[in-house]
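Below is one structure, written out as structure tokens, with a few remarks after it.
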Amino acid sequence: MTRTLWDSSVGKKTVMAVSGLIMLLYLVVHMIGNLKIFFGSGEFNHYAHWLRTVGEPFMHYEWTLWLIRVVLVVAVVAHATSAYQLSRRDIKARPAKYVHKKARSSYATRTMRWGGIILALFIVWHILDLTTGTVHPGGFQSGHPYQNVIDTFSTWYGNVVYIVAMLALGLHVQHGFWSAAQTLGVGSATRDRVLKTIANVLALLLTAGFIAVPVGVMTGVVS
């Protein structure tokens with residue numbers, strides 16, 4: 001039964017929708033946490049430390065954080081796998097490109113695949129930069145997240161990579177939220193405008209919220 005559901009297009013779209021919403025919830029929380037950087041190094045570093053102690057003493061140090069990471073990895077893999085398989089299935093079903101492609105889809109829809117690739121590459125870079133410190137500029141300082149963020153956004157390439165990825169994220173969320181609502185049966189003719197408005201607002205807030213951090217560093221508001 002489970003295998004049959006996964007093999008169907010409806011099943012893959014459902015997996016995409018649910019995993020996408022899980023990641024969206026994480027992004028909202030992550031963005032709010034990032035904005036704490038505007039309240040100074042003390043509060044931002046305290047927040048980063050708190051993430052590792054959530055659930056104590058019931059949960060051991062960092063267990064909750066690792067649980068969140070595992071859930072996110074599963075969601076990302078499930079989302080990417082179902083998206084790739086649906087894309088391949090769509091290409092096989094329609095080998096000839098639409099003649100009036102631009103008229104049939106929005107800009108966000110047409111860039112979903114490229115946006116997904118950009119975000120996947122960004123996730124790898126972001127982890128290597130601010131989690132493991134492998135590619136971090138100026139020397140990674142474990143336990144000093146505030147300074148590590150300053151270091152990253154003090155480089156032109158750090159700002160370019162981050163801002164381009166966040167613009168891609170905005171487009172992805174704009175289309176993805178509305179699409180997930182349709183897949184899960186929430187959408188309807190009467191709710192369509194409301195759902196699209198929510199999708200637009202979410203995309204705008206997330207994009208602006210995330211980009212505010214590098215802009216804050218570039219302008220000296222955060223230093």
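A few notes on this one:
- Charge dipole (the chain, unit charges on Cβ, about Cα centre) - positive-most of LEU86, PRO214, ASN148: LEU86
- Entry note, the chain: relative contact order of 28 percent, from Cα contacts under 8 Å with a spacing of 6+ residues.
- In sequence order, calculated HN-Hα J values of region 124-133 (Karplus, 6.51, -1.76, 1.60; Hz; x Gly/Pro): 4, 4, 4, 5, 5, 7, 9, 10, 8, x
- Using θ = phi - 60° in the Karplus curve 6.51 cos²θ - 1.76 cosθ + 1.60, the 3J(HN,Hα) couplings for region 85-91 round to 5, 5, 5, 4, 5, 5, 5 Hz; x is entered for Gly and Pro.
- Put simply, the amide H of VAL222, placed in the peptide plane, has neighbours under 5 Å in VAL217, leaving out anything fewer than 5 places away on its chain.
- Stretched out straight at 0.36 nm per residue, the stretch from PHE58 to VAL10 would grow longer than its current Cα-Cα span by 13.3 nm.
- Label sites at HIS30 and TYR84, each approximated as a point 7 angstrom past Cα along Cα to Cβ, lie 2.0 nm apart.
- Taking Cα atoms only, the orientation of helix 9-34 departs from the longest principal axis of the chain by about 20 degrees.
- Between the alpha-carbon centres of region 7-46 and region 115-149 there is a gap of 17 Å.
- Helix 156-183 and the longest principal axis of the C-alpha atoms of the chain enclose an angle of approximately 40°.
- Using the Cβ-Cβ distance between ARG69 and ALA189 with R0 set to 30 Å, the FRET efficiency from 1/(1 + (r/R0)^6) comes to roughly 0.15.
- What the phi angles of region 44-54 give under the Karplus curve with 6.51, -1.76 and 1.60, with θ = phi - 60°, is a coupling list of 5, 5, 5, 4, 4, 5, 4, 4, 8, 10, 4 Hz, glycine and proline written as x.
Each reported figure results from applying straightforward, stated rules to the coordinates on display, with no laboratory input. All values derive from a computational prediction rather than experimental measurement. Glycine gets a Cβ as well: all are built from the backbone with ideal geometry, and neighbour counts include every protein chain shown.
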